[in-house]
Amino acid sequence: MNPFAALIDVLLPRTCHICGESLLAHERFVCLDCLEKLPVTGYEKYWGNKTAVNSDLNPMETRFAGLIPMERACAPYFYTRDSALATLVHDFKYRGFSRLAAVMGELGAKALLPSGLFDGVELLLPVPLHWRKKLKRGYNQTEMLAEGISRATGIPVSTQLKAVKPHRTQTSLTPEQRAENTRGVFELKCPESVQGKRVMLVDDICTTGATLQAASQSVVEATNHDVKIRLFTLGVV
């Protein structure tokens, strides 16, 4: 550790966002012990199970089957409101820890790299925030997640997907309300930059899938169905 970094650690000690213990020099935001305790989905292990029709679809993928032309969808971790992952998501969404989102995107992508989820993907499309919400927060956490994924995979990030009208938070809404809340929200600018490509939409948490479905549909329609879709979220309910 350089002397300046050491001084910063003395003045502003770095602690784990989950357990509160001091971080080691090589740890970022979360200690290794807490990272190892995050509940992994193992959803990528479903792929290759061809014993029955659609038996290789994991539980996240079944939410989108028949609704959008999705190739693959996966999340590395399970999410519940009282979980350690919820603490991390709350910190990078509402407490200003934008770099935490990038670190978690990188770690999540590295965990799924051996599965082939990112093979052939040409662009990462983070689900956007409306400009008013992004201005208030100061950043879009899904763009930061995508930045971390890009670091792990080398896939470039595109911000051509825009939120063209505001929508309220999804947290307390029913599945039907979530679908209505996201209808007509997204628009793909410069469709020619995406047309004919395999793209991955990136979001923080997959609950009902309404947001990802709406975002995917806007991409598919803008490209006249000439696009291949994959989905990544950090957590899944």
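Within the same chain, lysines fewer than 8 places from residue 165 are excluded, and of the rest, those with a Cα less than 16 Å from its Cα are 133, 134, 136, 189.
On the chain, 54 percent of the accessible area sits on carbon and sulfur atoms, based on a 1.4 Å probe. Mind checking which of 234, 94, 34 is farthest towards the positive end of the chain's charge dipole, using Cβ charges of +1 (Lys, Arg) and -1 (Asp, Glu) about the Cα centre? Of the candidates, 94 comes out farthest on the positive side.
In terms of packing, defined here as the mean over residues of other Cβ atoms within 10 angstrom, the peptides 132-141, 208-217 line up highest first as 208-217, 132-141. Dipole check for the chain: with +1 at the C-beta of Lys and Arg, -1 at the C-beta of Asp and Glu, and the Cα centre as origin, the magnitude is about 640 Debye.
The residues of the stretch 42-108 expose on average 47 square angstrom of accessible surface per residue, using a 1.4 Å probe on protein heavy atoms. Pairs of Cα atoms nearer than 8 Å and 6+ residues apart set the relative contact order; for the chain it is 20 percent. Residues whose amide H comes within less than 5 Å of that of residue 236, counting only those at least five positions distant or on another chain, are 77, 78, 79, 206 (H built at 1.01 Å from N in the peptide plane).
Report note on the peptides 82-94, 22-34: ranked by the mean count of other C-beta atoms within 10 Å, highest first, their order is 82-94, 22-34.
Summary value for the stretch 14-129: 21 percent relative contact order, contacts being C-alpha pairs under 8 angstrom separated by 6+ residues.
The Cβ shell under 15 Å around residue 141 holds other residues with a net charge of +1, Lys and Arg each +1, Asp and Glu each -1. Leaving out same-chain residues fewer than 8 places away, which aspartates and glutamates sit with a Cα under 13 Å from that of residue 45? The reachable aspartates and glutamates, counting only those whose Cα sits under 13 Å from residue 45, are 56, 61. Under the combined filter of DSSP loop state and at most 14 neighbouring Cβ atoms within 10 Å, the stretch 180-236 retains none of its GluC sites (Glu not before Pro). Karplus-based coupling profile of the stretch 19-36, in residue order and whole Hz: 9, x, 6, 5, 8, 6, 4, 8, 8, 10, 6, 9, 6, 4, 4, 5, 4, 5, with θ = phi - 60° in 6.51 cos²θ - 1.76 cosθ + 1.60 and x standing for Gly or Pro.
The values are calculated or read from the model by the stated rules, or taken from the named source; none is laboratory data. Since we're looking at a predicted model, the values are computed, not measured. FYI the Cβ positions are ideal-geometry reconstructions off the backbone, even for glycines, and counts take in every protein chain you see. Accessible surface is based on the protein model in full, side chains and every heavy atom, while ligands, DNA and RNA are left aside. Shrake-Rupley method; radii C 1.70, N 1.55, O 1.52, S 1.80 Å.
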